[in-house]
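Sharing a structure here in structure tokens format.
The values are calculated or read from the model by the stated rules, or taken from the named source; none is laboratory data. All values derive from a computational prediction rather than experimental measurement. Every residue, glycine among them, receives a Cβ derived from its backbone with ideal geometry; neighbour counts consider all protein chains shown. Surface accessibility is based on the protein's heavy atoms, side chains included, excluding ligands, DNA and RNA. Shrake-Rupley method; radii C 1.70, N 1.55, O 1.52, S 1.80 Å.
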Amino acid sequence: MSGLLSVRNLCKSFGALKVTDGIDFDVAPGEIHAIIGPNGAGKTTLIHQLSGALKSDSGTVRFAGEDITRLSMAARVKKGLARSFQITSILEGFTVLENAATAVQARSGSSFRFFTPAASESVLNEAAMAALARVGLAEAAHRRAGDLSHGEKRQLEIALALATDAKLLLLDEPLAGTGHEEGAVLIALMADLKATHTLVLIEHDMDAVFALADTVSALVYGRLIASGTPDAVRADPEVRAAYLGEEG
Amino acid sequence: MKDTDTAPAGARTPRLAGRGALIGALVLFAIFAVLPFAAHAAGDPFFIVTATRIIVFAIAALSLDLILGYGAIVSFGHAAFMGIGAYSVAILATHGIGDVLVQALVAVLASALFALVTGAISLRTKGVYFIMITLAFGQMAYFFMVSLSAYGGDDGLTLYDRSTLFGAPLLDGDIGLYYAALAVLVGAFFLLRAVVASRFGRVLRGTRDNRVRMQAIGFSPYPYQLTAYVLAGAIAGLAGVLLANQTEFVSPAYMTWQRSGELIVMVVLGGMGTLTGAIAGAVGFLMLEEILSSLWVHWHIVFGALLVLIVLYTRGGLAGLAGRVFGGRRR
Ligand SMILES: Nc1ncnc2c1ncn2[C@@H]1O[C@H](COP(=O)(O)OP(=O)(O)OP(=O)(O)O)[C@@H](O)[C@H]1O
Ligand SMILES: [Mg+2]
């Protein structure tokens, strides 16, 4: 059976280095599918390929039954596939609200409008505020995004993906660089998102992964070496050797 | 020293935001409006000629600020659009078409078309390549006019009559031309001010801040940047129409890369991405040039050094400086 997202034989090389090496996996609607793997395993590269930031060498990516392998990043977002970045990528000079409103703008009508001030479009602002409220940034709406704390920036990353009205979120290490408290906020947020969204979650924090995920796939040197329930993957000898063992 | 400015380290270029920039522009416009009277009273009626030239370049700098300041598109061929506008006037005039509306329409269409074709190609490249390609297209336009002997070639083309409006010689007097240029400047300012705050402007500003992020929320920046490039080219073409009338002469020299560089300096000097700064930059640049050149033959040396100092020490150009001097209120 194939899921909401269905990846077949996906490959990507940088020169002689095979970073994505024949990956197959499916993401069922409504699940949190975690992808774990050691540093340099190719997790971010895979997210780049799924989101359209990088062209795949071969293989197919289907989303909601449609082949999206050759679509641009922008076109995939319009289909309902949005991503966040491991290294925070926001519009630093914009306010938090304008960040989210810009994401809403991308999906609501033409942006070839030249005379009405965008900041006063309540349709955009209301949807933006809803996304900000969902991640707990409503209070920060009028601050400059570049002035947010690191944890708040990570929340904004997710708010931007939400504001695109995506069905499936590809989250690349949402906890990256966060402290314990900031991380707890984000884990609670993802648990809440599960009610409304399908999530592909890349994460190093094993506690977070095993608390949140329905399915875990382990990626090592560009190959998926195991995929299944958290308990099954945790028990997998190959995974233990390649990854969990390292963690101690 | 008091450094009450609580702007964080990230906000490196203090911008005269919203209201401050508007007030600054209104003050400049008010000064421009009474300038002919002041010049007359001061017994220097010829100052109006210099002032017209300043306004013409302010219009071009304003248009460059749309792409450079709001789009981070570093075009090194912007003078070509002014040249195309100026040649539209002179070439039409040699064929007996002197009406300014027809000339302006042709100038806008020709410069917009040139911007569309060259922008469509150059915006596919990035960074230094983009700068080099815009420079190359600018030089191409320059050499094309040099080789076009039917219209003066290297020697340029003299405009025997200034443009008319429905047959009326409204621009013949220096005052008439001055106020016509001022009207275009004010119009361009308010047009661009609306544009940068619009949905379109937001996409442009967002792409300047973080192109990949804009793609990740569903935008393809290319058509927006190209549109901005065409709009900027068209406005610079309009500035060229005024320039031809002011100098009553058109030559390929209007299109050189040095001219394009001067326009960039004006925008950077005034403060990028403020619109008001572009106007202030044109005033500052041309006044400085005027004053220094009257003082010393080797004024270029001092001029260059002064520009470097101003840009280095005013952070965000003249607009940034004004923002810090008058910016009791933050942002
Ligand atoms: N653009 C590129 N050019 C060449 N090599 C690259 C490029 N991007 C990534 N790589 C290499 O591909 C491999 C996988 O990188 P990737 O960023 O996908 O790993 P990752 O699993 O996300 O690691 P981390 O856990 O550190 O984020 C690494 O060896 C990396 O050096
Ligand atoms: Mg990574």
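Out of all the residues in region A:207-215, is one or more among the polar types (S, T, N, Q), surrounded by fewer than 18 Cβ atoms within 10 Å (Cβ to Cβ) and either in the same structural domain as A:Asn125 (by TED's automatic domain parsing) or over 19 Å from A:Thr45 (Cα atoms) (or both)? It would help to see each step written out before you state the result.
Residues of region A:207-215 that are among the polar types (S, T, N, Q), as a first pass: A:215.
The next check asks that each one be surrounded by fewer than 18 Cβ atoms within 10 Å (Cβ to Cβ); those that pass are none.
No: region A:207-215 contains no residue that is among the polar types (S, T, N, Q), surrounded by fewer than 18 Cβ atoms within 10 Å (Cβ to Cβ) and either in the same structural domain as A:Asn125 (by TED's automatic domain parsing) or over 19 Å from A:Thr45 (Cα atoms) (or both).
Out of the residues in region A:73-128 that are acidic (Asp, Glu) and facing chain B (nearest Cβ under 8 Å), state the one that is farthest from the chain's Cα centre (by Cα). Break it down stepwise before answering.
So the first thing to find is which residues in region A:73-128 are acidic (Asp, Glu), and the list is A:92, A:98, A:121, A:126.
After this cut, where a residue has to be facing chain B (nearest Cβ under 8 Å) as well, the list is A:92, A:98, A:121.
Numbers: A:Glu92: 19, A:Glu98: 21, A:Glu121: 28 Å.
That would be A:Glu121.
Would you check which residues across region B:186-213 are without any contact (Cβ under 8 Å) to a residue 12 or more places away in the chain, at the interface with another protein chain (Cβ under 7 Å from one of its Cβ atoms) and not hydrophobic (A, V, I, L, M, F, W, C) and list them?
Across region B:186-213, the qualifying residues are B:Ser198, B:Arg199, B:Arg202, B:Asp209, B:Asn210, B:Arg213.
Next question. Filter region B:161-205 for residues that are open to solvent by 10 Å² or more (accessible area, probe 1.4 Å), within 22 Å of the chain's Cα centre (by Cα) and among the β-branched types (Val, Ile, Thr) and give the result.
Passing the criteria: B:Ile175, B:Val184, B:Val186, B:Val196.
Taking region A:77-127 on its own, how many of its residues are touching a Ser or Thr at 6+ places or on another chain (Cβ under 8 Å) and polar (S, T, N, Q)?
Number of matching residues: 3.
Taking the residues in region A:10-19 that are open to solvent by 90 Å² or more (accessible area, probe 1.4 Å) and away from ligand 2 (no atom under 16 Å from the Cβ) as candidates, determine which candidate is nearest to the chain's Cα centre (by Cα).
Initial filter on region A:10-19 (open to solvent by 90 Å² or more (accessible area, probe 1.4 Å)): A:14, A:16-18.
Narrowing the set further to residues that are away from ligand 2 (no atom under 16 Å from the Cβ) leaves A:16, A:18.
Values: A:Ala16: 28, A:Lys18: 23 Å.
Out of the qualifying residues, it is A:Lys18.
Among the residues of region A:153-184, write down those that are acidic (Asp, Glu) and either crowded, with 24+ Cβ neighbours inside 10 Å or within 12 Å of another protein chain (Cβ to nearest Cβ) (or both).
The initial filter retains those residues of region A:153-184 that are acidic (Asp, Glu), namely A:157, A:165, A:172-173, A:181-182.
Hits for region A:153-184 are A:Glu157, A:Asp165, A:Asp172.
Return the residues of region B:112-135 that are open to solvent by less than 80 Å² (accessible area, probe 1.4 Å), part of a helix (DSSP H, G or I) and within 17 Å of B:Leu68 (Cβ to Cβ); say none if nothing qualifies.
Correct list: B:Ala115, B:Thr118, B:Gly119, B:Ser122, B:Gly127, B:Phe130, B:Ile131, B:Ile133, B:Thr134, B:Leu135.
Take A:Thr88 and tell me if it is touching a strand residue (DSSP E or B) at 6+ places or on another chain (Cβ under 8 Å) and of a type in the set (Val, Ile, Thr). Step through it out loud before you land on a result.
Details: touching a strand residue (DSSP E or B) at 6+ places or on another chain (Cβ under 8 Å): no; of a type in the set (Val, Ile, Thr): yes.
Considered against the rule, which asks whether it is touching a strand residue (DSSP E or B) at 6+ places or on another chain (Cβ under 8 Å) and of a type in the set (Val, Ile, Thr), A:Thr88 comes out as no.
Do you know which residues across region A:62-100 are open to solvent by 20 Å² or more (accessible area, probe 1.4 Å), within 16 Å of ligand 2 (Cβ to nearest atom) and of a type in the set (S, T, N, Q)?
A:Gln86, A:Thr88
Go over the candidates A:Ser84, A:Ser108, A:Ser89 one by one and state the one that is more than 15 Å from ligand 1 (Cβ to nearest atom) and either in contact (Cβ under 8 Å) with a residue 24 or more places away in the chain or closer than 17 Å to B:Ser220 by Cα (or both). Explain how you work it out, then say what you get.
On the way: A:Ser84 fails: more than 15 Å from ligand 1 (Cβ to nearest atom); A:Ser89 fails: more than 15 Å from ligand 1 (Cβ to nearest atom).
Going through A:Ser84, A:Ser108, A:Ser89 in turn, just one is more than 15 Å from ligand 1 (Cβ to nearest atom) and either in contact (Cβ under 8 Å) with a residue 24 or more places away in the chain or closer than 17 Å to B:Ser220 by Cα (or both): A:Ser108.
Having 1 or more residues that are of a type outside the set (Asp, Glu), in contact (Cβ under 8 Å) with a residue 40 or more places away in the chain and under 14 Å from A:Ala100 (Cβ atoms) is the bar; report the helices (runs of 4 or more DSSP H) wholly within region A:129-248 that clear it.
Values: elements: A:150-163, A:180-193, A:206-212, A:230-235.
In region A:129-248, the matching helices (runs of 4 or more DSSP H) lie at A:150-163.
Something else now. Quick check on region A:211-225: of everything there that is within 16 Å of ligand 1 (Cβ to nearest atom) and not hydroxyl-bearing (Ser, Thr, Tyr), which residue is farthest from the chain's Cα centre (by Cα)?
Let us first name the residues in region A:211-225 that are within 16 Å of ligand 1 (Cβ to nearest atom), namely A:216-225.
Within this subset, residues satisfying the condition of being not hydroxyl-bearing (Ser, Thr, Tyr) are A:216, A:218-220, A:222-225.
Values: A:Val216: 15, A:Ala218: 17, A:Leu219: 16, A:Val220: 19, A:Gly222: 18, A:Arg223: 20, A:Leu224: 18, A:Ile225: 21 Å.
So, considering only residues that are within 16 Å of ligand 1 (Cβ to nearest atom) and not hydroxyl-bearing (Ser, Thr, Tyr), the one farthest from the chain's Cα centre (by Cα) is A:Ile225.
Pairs only if they're at least six apart or on different chains, beta carbon under 8 angstrom, first in region B:287-314 and more than 22 Å from B:Ala51 (Cα to Cα), second open to solvent by 40 Å² or more (accessible area, probe 1.4 Å) and acidic (Asp, Glu); list them, first residue then second.
Qualifying pairs under 8 Å: none.
Against the definition (open to solvent by less than 10 Å² (accessible area, probe 1.4 Å), closer than 18 Å to B:Leu312 by Cα and more than 11 Å from the chain's Cα centre (by Cα)), how does B:Leu243 come out, yes or no?
No, not satisfied.
Could you list all residues from region A:20-57 that are open to solvent by 10 Å² or more (accessible area, probe 1.4 Å), within 13 Å of ligand 2 (Cβ to nearest atom) and within 14 Å of another protein chain (Cβ to nearest Cβ)?
Scanning region A:20-57 gives A:Thr44, A:His48, A:Ala53, A:Leu54.
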